[in-house]
Amino acid sequence: MTNSKVVVVTGVSSGIGRAAAVKFVEKGCQVFGTVRNTAKTPAIPGAVLIEMDIRDEASVQNGIQAIMAQAKRIDVLVNSAGVTLLGATEETSISEAQMLFDTNLFGLLRTTKAVLPHMRKQRSGRIVNVSSVLGFLPAPYMALYSASKHAVEGLSETLDHEVRQFGIRVVLVEPSFTKTNMDLNAPRTASRIPDYEKELGIVSQAIGNAVQKAPLPDEVAATIVDAALGAWKMRRTPKGEASLLAKLRRFMPAGPVEKGLRKTFGLI
């Protein structure tokens, strides 16, 4: 792929999405970044902000139509918008689970379905779905977030088989903890069950420590740009912890991997 591509990045108000939009601009791409409220989002020099709520079908369709009206094509879609949730599975309400899936999975599906007709018509395209190492690993007290990312992984792999006949490929980017507001300020489930509080406190502290030491979004953004503009590869993990975890999951027996995960989260 050349650098003069039309790139759509969802969720550019902050974090990984914003850092990715900046890097695409630096690569000479024509960049459109989606946000829920353009009036409250600082401008990204060289990029066009598009108001779009990925949880709303009409909003997604209107946003993609606005981009097509300006650019006439879409070469890359980066699905980076997402939310997280911290709490025991038993504490998680169905409405909280639905909210999380509505953004992390169904929001991604809405934008993908809106873009695919245009990519099929032009017989080319790249869809980059920002997953997580929790898309292939469990994490105590993040069950619904992990489940949503597991779902993103399954959808992405299947979709890639379906659309490659049209010159379209799908890529997964799987970062570990990143120093973003989403990771630093993960919301808690509304319900609290006292039996879980001690262990959840330990896990929360471990997550907080990991995020403080985590790389900035720029490193994940660089991986996203490579995934979008470089040679196709189904999975890409940023250098460092994410890449190491992917190798451990693939090559080490389940027992030691599980033991290492529990130690990471303070559950000896």
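The values are calculated or read from the model by the stated rules, or taken from the named source; none is laboratory data. Computed from a predicted structure; not experimentally measured. In this analysis, Cβ positions are derived from the backbone assuming ideal geometry, glycine residues included, and neighbour counts consider all displayed protein chains. For the accessible areas, the whole protein counts, side chains as well, though only heavy atoms, and no ligand, DNA or RNA atoms are used. Shrake-Rupley method; radii C 1.70, N 1.55, O 1.52, S 1.80 Å.
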Self-check item: Test result for residue 113, more than 27 Å from residue 211 (Cα to Cα), under 20 Å from the mean Cα position of the chain (by Cα), part of a helix (DSSP H, G or I) and of a type outside the set (Ser, Thr, Tyr)
Solution: yes
Quiz item: Do we find a residue being of a type in the set (S, T, N, Q), over 23 Å from residue 108 (Cβ atoms) and in a helix (DSSP H, G or I) anywhere in the range 210-219?
Solution: yes
Quiz prompt | Total residues in the range 191-222, condition open to solvent by 60 Å² or more (accessible area, probe 1.4 Å) and touching a helix residue (DSSP H, G or I) at 6+ places or on another chain (Cβ under 7 Å) | solution = 3
Quiz item: Which of the residues spanning the range 128-167 are over 11 Å from the mean Cα position of the chain (by Cα), within 30 Å of residue 201 (Cβ to Cβ) and not in a helix (DSSP H, G or I)?
Solution: 136, 137, 138, 139, 140, 141, 142
Exercise. State which residue pairs qualify: first residue in a loop (DSSP other than H, G, I, E, B) and surrounded by 18 or more Cβ atoms within 10 Å (Cβ to Cβ) and inside the range 231-251, second residue modelled with pLDDT under 90 and of a type outside the set (A, V, I, L, M, F, W, C) in any location, beta carbons under 6 Å apart, and separation of 6 or more residues or different chains.
Key: 237/243
Exercise. Return the residue satisfying two criteria in turn: it lies in the range 253-268 and is assigned to a loop (DSSP other than H, G, I, E, B) and open to solvent by less than 80 Å² (accessible area, probe 1.4 Å), and of such residues it is nearest to residue 138 (Cα to Cα).
Key: 265
